[in-house]
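Scroll down for the structure; my scribbles are underneath it.
The values are calculated or read from the model by the stated rules, or taken from the named source; none is laboratory data. Keep in mind it's a predicted model, so treat the numbers as computed, not measured. Cβ placement follows ideal geometry from the backbone for every residue including glycine, while neighbour counts extend to all protein chains displayed.
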């Protein structure tokens, strides 16, 4: 687990590193590749060893997730349409934008909550909300609920199960399984929608 090496090397600075990564993954539309789910799970697992305080981890990462989505919303609100319409801007994947727009057509504002559990889409959901000028009060309510749920689910799973020997020895598989389980309901809903 690479995070344990980070903790042993950087100590209390690990909190700032975790905050920065989660903030960037949710707050910057150009960084959807950063680890979100797996980092939250790993942070919970490391906290269960006593190396990190689970209360501080949880609070900081909830704040990072909410603040990140908020910044991403305002980037979309002020600059989004110019970015989307400019063919010279190639660092934003238009397919990701389109996929996120499809989520909005299906789930409406709840996309802000549901997208938290879908890698890539979660980075683009607040940006697209800003481009579409979703009412900010509505957005921030969904943002707070989604950010709190996302951080709580993955850090608590890590805290409770991350240091069971079989999970620890197969950590990457456990993370993939968790991510897979989180998107199964979305796939099911999508398939049901296509049938009708």
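Taking the range 147-196 as the search range and keeping residues that are assigned to a loop (DSSP other than H, G, I, E, B) and modelled with pLDDT of 65 or more, which one is surrounded by the most Cβ atoms within 10 Å (Cβ to Cβ)?
First pass over the range 147-196, keeping only residues assigned to a loop (DSSP other than H, G, I, E, B): 162-164, 170, 196.
Next, only the ones that are modelled with pLDDT of 65 or more stay: 162-164, 170.
Details: 162: 24, 163: 16, 164: 12, 170: 12.
Top of the filtered list is 162.
So for the range 79-95 (the condition being within 18 Å of residue 23 (Cβ to Cβ), in contact (Cβ under 8 Å) with a residue 40 or more places away in the chain and either crowded, with 19+ Cβ neighbours inside 10 Å or touching a strand residue (DSSP E or B) at 6+ places or on another chain (Cβ under 7 Å) (or both)), does at least one residue qualify?
We begin by selecting, within the range 79-95, every residue within 18 Å of residue 23 (Cβ to Cβ); these are none.
No - not one qualifying residue is present in the range 79-95.
Filter the range 115-145 down to the residues that are assigned to a loop (DSSP other than H, G, I, E, B) and in contact with a helix residue (DSSP H, G or I) (Cβ under 8 Å, 6 or more places away or on another chain) and list them by number. If you could, list the steps in order and put the result at the bottom.
In the first step, residues of the range 115-145 are kept if they are assigned to a loop (DSSP other than H, G, I, E, B); the result is 118-120, 132-135.
Scanning the range 115-145 gives 118, 119, 120, 132, 133, 134.
For the range 117-133: of the residues being within 12 Å of the chain's Cα centre (by Cα) and without any contact (Cβ under 8 Å) to a residue 60 or more places away in the chain, which is surrounded by the fewest Cβ atoms within 10 Å (Cβ to Cβ)?
If we filter the range 117-133 for residues that are within 12 Å of the chain's Cα centre (by Cα), which is where we start, we get 117-126.
Keeping just the survivors that are without any contact (Cβ under 8 Å) to a residue 60 or more places away in the chain gives 121, 125.
On the way: 121: 21, 125: 31.
That would be 121.
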Of (1) within 13 Å of residue 26 (Cα to Cα); (2) surrounded by fewer than 22 Cβ atoms within 10 Å (Cβ to Cβ), residue 136 fails just (1)
Among 42, 16, which is modelled with pLDDT of 85 or more, part of a helix (DSSP H, G or I), on the phi < 0 side of the Ramachandran plot and crowded, with 17+ Cβ neighbours inside 10 Å? 42
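Here is a yes/no grid of residues against (1) closer than 24 Å to residue 17 by Cα; (2) touching a strand residue (DSSP E or B) at 6+ places or on another chain (Cβ under 7 Å); (3) outside any helix (DSSP H, G or I); (4) modelled with pLDDT under 95:
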site	(1), (2), (3), (4)
33	yes, no, yes, yes
61	yes, no, no, no
77	no, no, no, yes
113	no, no, no, yes
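Scan the range 45-59 residue by residue and report those that are outside any loop (DSSP other than H, G, I, E, B) and surrounded by 16 or more Cβ atoms within 10 Å (Cβ to Cβ). Quick ask: steps written out before the conclusion?
So the first thing to find is which residues in the range 45-59 are outside any loop (DSSP other than H, G, I, E, B), and the list is 45-48, 54-59.
Hits for the range 45-59 are 45, 46, 47, 48, 54, 57, 58.
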